[in-house]
1. What are the residues whose amide H is under 5 Å from the amide H of Phe88, where those residues sit 5 or more places off or on another chain and H is modelled from the backbone?
2. Find how much the distance from Lys154 to Phe223 grows on full extension, using 0.36 nm per residue of separation minus their present alpha carbon separation; answer in nm with one decimal.
3. So how do Ile152, Ile280 line up by other beta-carbon neighbours within 10 Å, fewest first?
4. Please identify which residues in segment 237-252 have an amide N closer than 17 Å to a label point set 7 Å out from the Cα of Lys44, following the Cα→Cβ vector.
5. Tell me, what is the FRET efficiency for Leu305 and Asn174 to the nearest 0.05, using R0 = 51 angstrom and their Cβ-Cβ distance as r?
6. If we sort 119-125, 236-242 on the protection proxy, mean other Cβ atoms within 10 Å, highest first, what's the order?
7. How would Asp276, Asp95 line up from fewest to most surrounding beta-carbon atoms within 10 angstrom?
8. Which pairs break 29 Å Cα to Cα here: Lys97/Lys229; Lys86/Lys189; Lys32/Lys125; Lys117/Lys229?
Amino acid sequence: MAAEGLKKPVKKETMTTELIHVALVGDKGVGKSLLARARACGTKYTLKEMFQLHISQVWTYDNYRTSPEVRERSLCHVDGVNCTLKIFDTFGNRDVKRENVYSLADAIVICFSVSDKRSLQSVTKHWINEIRFSCPAVPIILCACKIDLRYIYKDPKFLELQKFSFSHQMQKENLIYPESGKEVAKEIKAYYYETSSMVSYGVDDLFNNAIRAVLVAKRRSSFAFRSFKNVSIPHVQVPHAPPKPTTPKIVCEKNENSNWLEKGRKKWLFDGEFSDATLIVGNQTFEIHRVFLAAASPLFENIFLSE
């Protein structure tokens, strides 16, 4: 059954699908390899695994040859076009030569981490210049990685795990928010998307719209790609909605003084010392609160509120 399943993707890829290569570039440690694994393998991580996991090697292109599951996940259908998506992961070192990757790439994704402002500064200082020199015509996507850090940096579990890591203490003022990322994307004329490999947000959005950008560029370049007429331009991403915080549970233990509030309330209501009006009915008098009578009767409301 498994062997039969492998024949169909290979035939489909060579005969009826559009092969799309997407390259991931950016500073080291921003989350490129996690992003590649999230899309190509469907890998998900817990918060503890994100701290314990250290990936020193890029996600290799050979996985498309050696792994049936990866080959199966590479097949996708975007706006009526059957596609095979293959991802190039790259090292973040700036002295590494990437000419071979750039020569094969149909789209470039520049990644930065929302917890590292230097990685966003590198986009305009280094990466966009390298890309424009090597492959000036390919579509460019700017991708914010690890956006889950925007709302878990104060989480007690995160703070506890951070004590045993080498990462710097995260502060709100050090985080990058969408406005800053979109501003840089506009400057370099790139599409903008945000992702989190931990909660699987935006991963499919990023790569599906990278495919759209490639197909639209091909359609504009040649009439031969008229079959892409139903392909839309990359979609605007739906903003991420962080999970609602759990409501704290407050338990008040009963003790001998627990009814002090109730005693105080009764004293305020019924003790004449605290009243602000006296009601005389026949030969009886009642110490009262005007606000209660005004709320109970329109007649008293007119009397007391007219003052």
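1. Amide H to amide H, under 5 Å and 5 or more residues apart or across chains, Phe88 pairs with Val22, Ala23, Leu24.
2. Length difference between fully extended and current span is 19.5 nm.
3. Listed from fewest to most nearby Cβ atoms, that is Ile280, Ile152.
4. Residues passing the 17 Å test: 241-244.
5. FRET efficiency, Leu305 to Asn174: 0.40.
6. For the peptides 119-125, 236-242, the packing ranking is 119-125, 236-242.
7. Result, fewest neighbours first: Asp95, Asp276.
8. Check vs 29 Å cut-off fails for Lys97/Lys229; Lys117/Lys229.
Throughout, read-outs are computed from the coordinates displayed, never taken from laboratory work. Note that the structure is predicted; figures quoted are calculated from it, not measured. Methodologically, a virtual Cβ is constructed for each residue, glycine included, from the backbone with ideal geometry; neighbour enumeration extends over all protein chains shown.
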